[in-house]
Each structure stands twice: as C-alpha cells, then as structure tokens.
Amino acid sequence: MAQKTTAAKTATTKKTAKTPRKSGKYLLIVESPTKAKTIKKYLGDKYEVLSSVGHIKDLPASRLAVDIEHDFNPEFIVPRKTGKAAIIRELKAANAKYKKTYLATDPDREGEAIAWHLAQELGLDVSDDIRVTFDEITKKEVTKKIAEPTKIDINLVNAQQARRVLDRIVGYKLSPFLWHKVKRGLSAGRVQSVATKMVVDRENEIRAFVPREFWNLDAVFSNGARSYKARFVSKGKNKEIGSREELDRILDGLKGADFVVTDVRKQEKIKTPKPPFTTSSLQQDASARLNMRPSKTMAVAQSLFEGIDLAGEGLTGMITYMRTDSLRVSDDVKILAREKIASLYGKEFVPPTPRYYKSKANAQDAHEAIRPSNVALDPETIKGDLTREQYRLYKLIWSRFVACQMADARYDAVQIDTTCAGHIFRATDQIMKFAGFTALYEEGRDDEAEEKAGGLPDLKGDERLLAESTKKEQHFTMPPARYTEATLVKAMEERGVGRPSTYASIVATIQDREYVLKKEKRLAPTPLGIVVTDLMLAHFNDVIDVEFTANMEHQLDEVEAGKVNWKRVLHDFYSEFHREMTEAEQALDGKRIKVPDEETDEICELCGRRMVIKSGRFGRFLACPGFPECKNTKPLVERMPGRCPKCGSTILKRKSKKGYVYYACERGAECGFMTWDVPTANDCPSCGQTLFKKSGRGQMKPFCINENCKEFLPEEKRGYKRRMPKATTETVETAEELAPVEQKPEEKKTKKNSAKSTKAKGTKKA
C-alpha cells in the first residue's frame, strides 16, 4: 500500500511539473492565518501567503492506523468533516497558478511534518529547496530566510512520525485495557502516564513523611548603641536543635556567661542575572509571577510570535519561537540589547562584554532562547496595542531578556558571629551597593527580603555584648510540597520527560482525565489516578518508568539528528511492550479493579450517610454511597465567604462550560444572582452587604456592588479589560492519543462544528 501511494505521489509530481504557470508570483504556505497576514506584510505583492490551518493530514481517530506487521507504516489521511479537503483544493489551485511554492510552517517536528504532508498533497518535489523556516516573524528574518530555502528535513519528519506512532500504539493498546479492567472512558499515554506517576509518587512521599521536631533559638544583642538579632548555630554550622531537652541544656550553659564578638566578616557579594527564557522556565515564571497556567502561557506566547497589530506598524511578530530549550542568543541582538540598556539606565549598567549562557547537555539548539524580536519595542511603548495577558507576558519576556545582558548586582555583605560558652549566634545582612540587573528584573522574594533588612551595627572582634532577650520556637519539619503546574513542568524538564512543545498539554491532559486535580493551586492525585498508576506499575513498568521515558525522548532526538533509524526505535519498543501487554491480559483475565470512592464531609440529607465524589460525563459530583436505595446527588461546589446580595443565601463558586470561574447564589435560578467578582468575608461599612473584589492575583481592594449604596463601584471601574482572542496553536504537538472508542460519540459533534470555522478560516486569503 505504501509503495502504491509513493508511486501515485511521484506521478502527481511529474504531472504538476508539466503544468504551465500563469503567474510570476510565488506561493508561501504557513500553518496559521495570523502568521500568514504578518508575513504577507513583509513580502509584498511578489508573494501570495496562504494558510493550511494546522495539520492537513492525521491518523484516523476510529482505529489504530499503524501497520505493526509491515514495519509500523502509519496511515495518514485527510480527516473528513474538518474542512481540510476544501483547504487542500484551494492550495492545489494556488500551487498550479504561481511560479513556485515554498512551505514555511513552524520550525519544529510538527511544522516539518505539516510541510511534508503539504508537499505530498501538492505534488511538490521534496528534493527541491522548498522549505523555509522563521525563528521570528520580523521583516529582517523573513526576507533573509525566504532567500535561503532548504530541503525538507526528513530526519525531523521521521522523529515526528516515530513519536506519533509511539503515542498511538500506547494510547490505542492500553486505553481499551484500562476500560476493561478499571472503567470506561480512561486513557493512557507514553508521557501522560509518567507525569501522573510523578504526582502520585510525590503524594506517597507526603503520606510516608514522618515529622521531626526542631527548635530555633534567637537572641537580641546590644552594644549599648544599637540592637540586632542573631540566630543560634552549632559550631558555625546551621544545625538544628533537635529537642526541648537539648534546648534547655544550651540555655543553662548561657546563664551568667559573657557574649563576645568572635568573627566579623565583610565582603562584596555579587549576583548575576538569570539566562533568557526557555519554554520550561517561561511557563514556570509566568505561573509564579503572573498566575498563568502553562497552557495559557503558550497560547498567549503563540499570539505574540505570530504577530500583533501595532499602531503605525501593522501586524508585527513580537517574540522568537516559543518552543525551545536553548539558551543561545544571536550576537547582533546582544549588541542591540546593550545599546538599549545604556540608553535606559546608563553605561555603568552594561557589562564589559556580552553575556553568553550555556544550554544544558541534551538541549536542542535549533532555535534561540525566547526573546523579544525587537528589543527597541519596550512593553510600555506598545501597551495600548496589547491585551492584558499579552502585555504582561511580553513584559516578562522583554524584561528577563534585557536583564540577562545587564551588569551584576553588587551588595555589601556582613556576617557577625557572637560566642557564649562555646555556642555561636550568627547574624547576617546585605546592603545593595549597585542595583545592576535588579533595576529591571527582580529575581525572587528571598532577595527582596534580604535587601530590606535593617542593617547591623559596626562591631569589632572581642567586643562584649549584652543579651537583651532570647526567643525560642518549636517547629516540625514539613513534607515535600505537592507539585504546582509550574513545578511539575520543571520536574519533567529536569528528568527528561516530554519536550518543550508538550509540557503544557501534558499537564492539562492529566487534569482533564481526572487522574490529577488541583487543590489550592497544587496538584493532587485522585483515587482513580492512584489506581491506574498502580495498575501500570504492576504490569507496564517500562511505559510508566521515568528513566525509560526519558531515554525514549533521547532516542527521538537521535532520530531527529539522523543517528538512529526511526523504525528501529519502534521495533525495539514494541517487542517489550507487546510482551507486557500479553502477560497483563493473562494475569487479569476475568478480573476488574474497583476505584475506591472519595469520601467527603458532606452529609446526605435523605439517609445521613457521608457523600462521596463520583465522576460522570459532565465532570465530578456528589453522590450518596447508598445507591440504589438512596439516589441523592448534588453538584460539587465550593462555598464562598459572604452572603448573596439578593436573598442572603450562601454564594457558591462555579465554573462555566468554557472553564471560566464565576460566583452564584446556591438557590440558582430561583434567586438568579451571578457575578464574576469574588465575594469576601468583609461587609460594606455603609450598607452592610458583602464586599466583593476583582478576580485575579494579588491583594485587590474590596468594593460594594449594591447600586443603592454610596460606596457602590460601577462595573466599568473595576479594572477588567477585554479578553484576548483565542490564539492559534495548530502546530502544538498532541500530548497523547485518546482512547479510540471514547472519541467516537463526541467526534461527530466536534468535527461538525470545527468544520464550519475551519473552512471559513481556510478559504479566506491572508
């Protein structure tokens, strides 16, 4: 079958080559309509720029579509009812009309695969220089790269095909197995299952953790002129006091003894800036600083990369390609950054030489680090052209990059050791001497806390001090914290699980499958996630092993580098996977694993039992465990502080079908109260109704929403801005394969709806 297809494409190529051209213009095909508009602006009338609107071919959803018996040949098709057929017809017509066609999809595996499939469908000669890649959408980059076309990188295509086939095999083989042994609707994936296991492992660490007692002992010393606080250290080391008995012995030894300054150290402390962003570090910082989920971060970054309509400039690409793990930055851009720093802060903020940052050993160096395309476009200058999300993220990227080329921050650091009866109390402080890069980009609350310290007195060795007071505090060691979305991404990167293009989608997927839930902004495994992980550990250890998965990612990198045959990788994987699958089916023949119910404190008002959490097609809900005798169910909601301003009932936190959080009265339609604002525990001093605050991160000032109150704040003055339109993310690598049977019921509706919008997008020229 594969040979026939190849022959057909070859014939198409020859036929197309004989077709006379009707125009002297060139055709450029990208994957995004927005990207097409931006590039068209730079290329002018000599080029027509059209969009494929993402992938034009994919594996069919209804079946495996991988011929395992015949060298793992995948069967890529043009999906029906998606509008892709109409897009291909339009692109074929344009290809026959114009002088030559170039393929300028994203510069990664997915983009290369899109280019490969486009070449197949359009009958283009893949041995010809038809491939163009842009690391940033700027006039300089576009005009440079369009003049330097290359061939399609078959190694990159093979790496994408290998990953796609691997995910398809794991997903379509394991998912039905989980259906039969646990419950319907489950899925498994080569990376998603490992990410779930990491969350489960962390939860097991927390549960197995045994707290350990320790005490802190602080003393306030005075030289007669000034007082300062110091902390007990054991023989110069930060050793904890392990018990009350040990503390009492130390305190007894201090009674009546002299406190003498034994060591005063003064030195200059230097802090260097962090490197520019990679995909992982951007997601982490955006989460910590902007409260953006990784998926949101990537969507906003995609819109910045493809182009923003700037006043007087038109569509302009704002940042470089945002899926990268490289720290490389071009020398030309470093020079421009140094000039910008000198103009903003002065020459003293420019280091003697440009800074270079070394990427990690296994990093792919195809793209630069994430940086602004034009350093001259500072965030404040273009703020009015950006949505709130775009502005905040662009400012973060711009500031981090410019700061990475700035001078070091310098501090005067002081350490004073005071000794009594052989025990040492230590005080440290640092005072900023030169702000350096911190004038633009602060790197953490710890640094800020150090800078705000009150300073230490000027003391000398052998100086005797008076102990004004002592303070003792009992503490217990804490278990490791649950992952946040950002720290899970960091852990995945450190352990080699996934790639920059998949971090965000994987984190979202394990939550969508309800293997992991977010509790107080941290990820906790559900009983379902624990059961599935334990089952996978027992029977598919390789699939769920972190090191095995990391090694598989390394092999895909080797395929991309042309060092390993992609089908050999598949053969090696499948032989062991097939053995494990056979043994698991035999071991669990006729058995089914029950997922324990998650008990809550909610009492069933009908029978008095503690209600449990169950999952349905519309998500999680409360149900009585006494079913079928008691069929009571309730929505799973979070009660908020305050009272409904209409009827005085409880306010509940809810989520819309599109995932937006809102707040509504518990009486629902009977009352009708609903708001996007967050209720607080405070009452209005004028009218006594519950005060609300703007949704978002940080300490927001509460306001009154009672229109009859003198403290009433109209909605237009509450600080909300228009929402950012949905960014195009067509070339983001799919995280995992869904279970084939599960897709069927929803596929018709989804594809029907998407066909209309896709067709509309695809048929409209840029």
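Read-outs throughout are calculated quantities, based only on the coordinates presented, and are distinct from any laboratory measurement. Just so it is clear, the model here is predicted, and its values are computed rather than measured. Here the Cβ positions follow ideal geometry from the backbone for every residue, glycine too, while neighbour counts run over all protein chains shown.
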Pop a pseudo-label 7 angstrom from the Cα along the beta-carbon direction at both ASP512 and LYS144 and give the gap in nm to one decimal. 3.7
As a test of the definition: which semi-axes, in Å, follow for the stretch 214-325 when you take the square root of five times each eigenvalue of its alpha carbon gyration tensor? Largest first, please. 55, 19, 13
I'd like the distance separating the alpha-carbon centroids of the stretch 259-295 and the stretch 521-582, in whole Å. 34
Cα-based Rg of the chain normalised by 2.2 N^0.38 Å, two decimals: 1.12
Rg/Rh for the stretch 2-152: what does it come to with C-alpha atoms and Rh from Kirkwood? 0.98
Translational diffusion of the stretch 279-404, µm² s⁻¹ [Kirkwood Rh, Cα pairs; Stokes-Einstein; 37 °C; 0.692 mPa s]: 217
How much length, in nm to one decimal, is gained on full extension between TRP179 and SER469, taken as 0.36 nm per residue of separation minus their Cα-Cα distance? 97.8 nm
Express the relative contact order of the chain as a whole percentage, based on alpha carbon pairs under 8 Å and six or more residues apart in sequence. 18
Of every Cα-Cα pair in the stretch 644-723, the percent that sits beyond 15 Å: 58
How many Å³ per residue does the convex hull of the Cα positions in the stretch 557-641 occupy? 204
Report the normalised scattering of the stretch 473-534 as log10 I(q)/I(0) at q = 0.21, 0.22, 0.27 Å⁻¹, calculated by the Debye formula with identical scatterers on the alpha carbons. -0.90, -0.96, -1.22
So what are the stretch 163-268's ellipsoid semi-axes, whole angstrom, largest first, if each one is the square root of 5 times an eigenvalue of the alpha-carbon gyration tensor? 59, 19, 10
Could you pull the Rg and Dmax for the stretch 363-415, using just the Cα atoms, both in Å? 15.2, 49
Taking 239-248, 552-561 and ranking on average Cβ neighbours within 10 Å, highest first, one gets 552-561, 239-248
With just the Cα atoms defining each centre, how far is the stretch 315-383 from the stretch 204-230? Give it in Å. 42
Taking chymotrypsin sites (Phe, Trp or Tyr not before Pro) as exposed when DSSP calls them loop (any state but H, G, I, E, B) and at most 11 other Cβ atoms lie within 10 Å, what is the longest stretch of the chain free of them, the sites themselves excluded? 1-355
For LYS433, other-chain or 5+-apart residues with amide H closer than 5 Å (H placed, Pro excluded) are ARG410, TYR411, ASP412
A correct Stokes-Einstein calculation for the stretch 388-447, using the alpha-carbon Kirkwood radius, 25 °C and 0.890 mPa s, returns a whole-number D in µm² s⁻¹ of 172
Ellipticity estimate at 222 nm from DSSP helix runs (n ≥ 4, -39,500 (n - 2.57)) divided over the chain, nearest 500: -12000 deg cm²/dmol
Evaluate Rg over Rh across the stretch 597-636, taking Cα atoms for both radii and Kirkwood's formula for Rh. 0.93
Karplus-derived HN-Hα couplings along the stretch 79-96 (A = 6.51, B = -1.76, C = 1.60, θ = phi - 60°), whole Hz, x at Gly and Pro: x, 6, 6, 10, x, 5, 4, 5, 5, 4, 4, 5, 5, 5, 4, 5, 4, 6
per DSSP, antiparallel bridges as share of beta bridges in the chain, % nearest 5, sits at 90
